[in-house]
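Asks: I have a structure I would like to understand better, so I am pasting it below and will then ask my questions one at a time.
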Amino acid sequence: MVSISVNLYGRDLISTQDWSIEEIEETLKLAKELKEKYRKREPLPKLLEGKSFFAIFYAPSTRTRAAFESGASLLGGHGTYIDVSTLRVGFGEAVKDVAKMYERYGHGMGVRCLDDAIDYKYGLGRATVMEYAKHAEIPVIDMGCCSFHPTQGMQDLMTVREKLGDIKRKKYVIMWGYASKLRGLCSIQEEALIMTRFGMDVVVAHPPGFNIDPEIAKIAKENADRSGGAFEETTDLKSAIEGAHVVFPRSWASWELLKVGASKFGVEKEIQIHNQYKNWILTQELTDLMDKKGIVTHVLPVLRGQEATDEVMDGPRSVIYEQAENGLYVKSAVMAVTMSEQLYR
């Protein structure tokens, strides 16, 4: 029987900042055990037998939904996908009432609320997730909001370690990439937070006006100071990528738009700003500046030909599919540590 040395039963996970280093490490240890068994085609422990996980989606998903649903099944439980448009919240039902009822129907809950669902207005998605967590007495997992995406951050930490070994003082570059569509900050900020906690030198490279939340940047800097890593934001893309051990190219909307929302700021106005930076694309020429053993990551979906070229995303440095696969094991582990009493007997 697998076991962990910390007790996370009943705990929420809104951001990786909510859990200690030891708690994250123990969860990743379990994820690694699940991966080894799954890869060997061995049966996984039925840690969620008789358990139900309600996954409430205000926004669409390709990988997060599938990983939570599959993970629940593999551990003997049941994951229920709930499109929020099928709920009565649009009719005026209070989130409190939904949370309190699902608390009685199941054993864990996930909420995804970001981007179009909140008109890209920063803070609204996080507030919605926290409203569920406030009222539900079962664990609530943030499956991606305007600010955070904790299970994504944990699976990416797992992947980077698998590929690089010791990651202390290794350079992790989060690169703004051009896109003709709007994207939010969730995984960008989660990566900055978790990688600085584990001692990496994190550089967020972006054009002027595309800074991340100043409060998140402050926390990332504090994380780095404690871990012996580093954190900085820069508008110099080439120097950021030079010697990088990890490059993560992804677009996100300008801070000015995020503060007021897309409707008020103007989508066309925002895209015109993006169009000034079409040269912010991860090309083979740029990846050649990386450390010889450096890797390219992406949380997917990657906007090919905009954020990065096909040559890069399909090239030998790319680990995007291994990264996505690790999401199955991490999300399974997160459900197990928060919902399974078996781990703590």
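Asks: Cβ-Cβ distance below 7 Å, separation of 6 or more or different chains: which pairs start in the range 36-50 with a residue that is in a helix (DSSP H, G or I) and end on one that is surrounded by 10 or more Cβ atoms within 10 Å (Cβ to Cβ) and of a type outside the set (Ser, Thr, Tyr)?
Replies: LYS37/LEU44; TYR38/LEU44
Asks: Could you grab me the full set of residues in the range 292-344 that are of a type in the set (D, E, K, R), over 25 Å from GLY71 (Cβ atoms) and surrounded by fewer than 16 Cβ atoms within 10 Å (Cβ to Cβ)?
Replies: Within the range 292-344, LYS292, LYS293, ARG304, ASP310, GLU311, ASP314 meet the criteria.
Asks: Against the conditions (1) closer than 24 Å to PRO60 by Cβ; (2) out of contact with any Ser or Thr (no Cβ under 9 Å at 6 or more places or on another chain); (3) crowded, with 23+ Cβ neighbours inside 10 Å, where does ILE212 fall short? Just the number, please.
Replies: (3)
Asks: Taking the range 280-326 as the region of interest, how many residues are among the charged types (D, E, K, R) and assigned to a loop (DSSP other than H, G, I, E, B)?
Replies: Just the residues of the range 280-326 that are among the charged types (D, E, K, R), to begin with: 285, 288, 291-293, 304, 307, 310-311, 314, 317, 322, 325.
Checking which are assigned to a loop (DSSP other than H, G, I, E, B) leaves us with 288, 291-293, 307, 314, 317.
Residues flagged as among the charged types (D, E, K, R) and assigned to a loop (DSSP other than H, G, I, E, B) within the range 280-326 amount to 7.
Asks: Can you tell me which residue in the range 18-31 is nearest to PRO139 (Cα to Cα), limited to those that are within 18 Å of the chain's Cα centre (by Cα) and surrounded by fewer than 17 Cβ atoms within 10 Å (Cβ to Cβ)? Give the steps one after another, and end with the answer.
Replies: Just the residues of the range 18-31 that are within 18 Å of the chain's Cα centre (by Cα), to begin with: 18-21, 23-25, 27-28, 31.
Next, only the ones that are surrounded by fewer than 17 Cβ atoms within 10 Å (Cβ to Cβ) stay: 18, 20-21, 25.
On the way: ASP18: 13, SER20: 17, ILE21: 19, GLU25: 19 Å.
The residue in question is ASP18.
So that you can scan it fast, the table gives a plain yes or no per residue for (1) touching a residue at least 40 places away in the same chain (Cβ under 8 Å); (2) in the same structural domain as GLY261 (by TED's automatic domain parsing); (3) hydrophobic (A, V, I, L, M, F, W, C):
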residue: ASP142; (1), (2), (3): yes, no, no
residue: GLY153; (1), (2), (3): yes, no, no
residue: ASP156; (1), (2), (3): yes, no, no
residue: VAL160; (1), (2), (3): yes, no, yes
residue: LYS171; (1), (2), (3): yes, yes, no
residue: TYR178; (1), (2), (3): yes, yes, no
residue: ILE194; (1), (2), (3): yes, yes, yes
residue: ALA217; (1), (2), (3): no, yes, yes
residue: GLU232; (1), (2), (3): no, yes, no
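Asks: On to the next question. Just checking, which of SER239, SER254, SER263, SER227 is farther than 19 Å from CYS186 by Cβ, surrounded by 13 or more Cβ atoms within 10 Å (Cβ to Cβ) and not assigned by TED's automatic domain parsing to the domain that holds ARG126? If you could, list the steps in order and put the result at the bottom.
Replies: Values: SER239 fails: surrounded by 13 or more Cβ atoms within 10 Å (Cβ to Cβ); SER254 fails: farther than 19 Å from CYS186 by Cβ; SER263 fails: surrounded by 13 or more Cβ atoms within 10 Å (Cβ to Cβ).
On inspection, the qualifying residue turns out to be SER227.
The values are calculated or read from the model by the stated rules, or taken from the named source; none is laboratory data. No experiment lies behind these values; they were computed from the predicted model shown. Ideal geometry is used to build each Cβ from the backbone, glycine not excepted, and the neighbour counts take in all protein chains shown.
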